Amino acid sequence: MTAFPNFFRRVFSGVFLFGCMVTAVASSETNADFLNGEELKLYCVSQNPSDDAICVVYITGAVDAFTTVDLFSEKSKGTDRMFCLGDETGPDQLRDVTMRWMDRPETDLSFAATLIIWGAIKNAYSC
């Protein structure tokens, strides 16, 4: 009978240690700093496919966060939606909208990239 709980304790300990190791490795290899507009633009204009992927993933991740908060507020508080993206809106289109916004002379690229993306998406896809 005691072997069974000991087995689970060992399995749990092993899984826990593995999770800690994965977290430690991931933390040491990635930098959790947020980008500003200048940094995001460098990724977006780069000819390197990896940089382009970072650009698109950063923008679509931010838009996903905005629309999730928007939907949550609508459902929980009854507020009007702020963003109305159509089903046909894709990652490349979001990147293009953001790039046009960043190219405007009045856009301050020293601001956080998420704020710049928010402004671009709100301008293009307000309800």
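How would you rank 75, 41, going from fewest to most other Cβ atoms within 10 Å of each one's own Cβ?
With the fewest neighbours first, 75, 41 line up as 75, 41.
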How large is ³J(HN,Hα), in whole Hz, for each residue of segment 97-109 in order, when computed from phi with the Karplus curve 6.51 cos²θ - 1.76 cosθ + 1.60 and θ = phi - 60°, using x for Gly and Pro? 4, 5, 5, 4, 5, 5, 7, 5, x, 7, 7, 8, 6
FRET E, pair residue 52, residue 127, Förster distance 25 Å, beta-carbon r, rounded to 0.05: 0.25
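What does the charge add up to near residue 116, with Lys and Arg as +1, Asp and Glu as -1, over the other residues with Cβ less than 12 Å from its Cβ?
Working: positive: 41, 100, 104, 122; negative: 38, 39, 103, 106, 108.
Surrounding charge for residue 116 is -1.
No lab work stands behind these numbers, since they all come straight from the coordinates. Computed from a prediction, not measured in an experiment: that's the story for all the values here. So basically every Cβ, Gly included, is an ideal-geometry build from the backbone, and we count neighbours across all protein chains shown.
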